[in-house]
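These notes concern the structure reproduced below.
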Amino acid sequence: MTPQKKHYKLVITIVKKKQANKVVAAAKRGGAEGGTILLGSGLGIREKESFFGIDLMYEKEIVLTLIPEDRVSAVLDQINQSAKLYKKGTGLGLVLDVVAVRGIVHSRLDLDLDEEALDMTTDHAQFELIVTIVNKGDAGIVIDASKKGGAEGGTILSGRGSGIHEQAKLLSMIIEPEKEIVLTLVTRENVKKVLHSIEEEANLNQPGKGIAFILPVEETIGINHEMKRGTEE
């Protein structure tokens, strides 16, 4: 029997500090299998912009949750109720389309995912963004694999998170392993090769090693050398 293919979505939730764990727990109740938390700062609608003339920025937590399309409504509902996003100033969430996924190996439903959706992106798009989430210390492997596949490099972010294979506890407290998130902007013609290289070199076909997915890119700035190269070719 041919494994069923799934279409995935990326839910991004931005909340105040110390609220991310609540978001991850809510997402799991809605059918998600984990989440990755990034630290940031920002200014919300109900937060003061300055104090005695000093500009203020407030600590934020950003939660990345990759889920099958058919679970989006349930996950959003759970997050909205748990984090009270229906109230002003508590945070926000958004959903992005995901072109292709690698690294989900625990379910037969996900084994046969391929890059067919890449051919459905907008015709004028020349780039795609590969997002790879791995354990701390493995980002260098991802960068090297990306370059081997034809990319020029990548940007590394630090975060934490827990997935289906990471359920360790210490004194009844959940231990959330540190993560590294690698953002790799690649030309559309190279994206399949780069994604395959990352999957092979970072062993994403093994449980608990990480996950990679592609987000469509509509416009870019600041990469004139790649645009010039494409024109010359």
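Here are the numbers for the structure shown:
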| item | result |
| --- | --- |
| Selection from segment 61-79 of residues that are outside any strand (DSSP E or B) and β-branched (Val, Ile, Thr) | VAL72, VAL75, ILE79 |
| Selection status of LEU157, at pLDDT 90 or above, assigned to a strand (DSSP E or B) and touching a Phe, Trp or Tyr at 6+ places or on another chain (Cβ under 7 Å) | no |
| Flag if GLY103 is open to solvent by less than 40 Å² (accessible area, probe 1.4 Å) and at pLDDT below 90 | yes |
| Segment 142-154: number of residues that are part of a helix (DSSP H, G or I), touching a helix residue (DSSP H, G or I) at 6+ places or on another chain (Cβ under 9 Å) and either outside the structural domain of GLN126 (by the TED database) or open to solvent by less than 40 Å² (accessible area, probe 1.4 Å) (or both) | 4 |
| Residue satisfying all of: in segment 71-92; of a type in the set (Lys, Arg) and without any contact (Cβ under 8 Å) to a residue 40 or more places away in the chain; least open to solvent (accessible area, probe 1.4 Å) among these | LYS84 |
| Test: residue in segment 177-196 that is outside any strand (DSSP E or B), modelled with pLDDT under 80, crowded, with 20+ Cβ neighbours inside 10 Å and not charged (D, E, K, R) | no |
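The values are calculated or read from the model by the stated rules, or taken from the named source; none is laboratory data. Remember, predicted model here, so these are calculated numbers, not experimental data. Cβ atoms come from the backbone with ideal geometry, glycine included; neighbour counts cover every protein chain shown. Areas reflect the complete protein model, heavy atoms only, side chains present, ligands, DNA and RNA absent. Shrake-Rupley method; radii C 1.70, N 1.55, O 1.52, S 1.80 Å.
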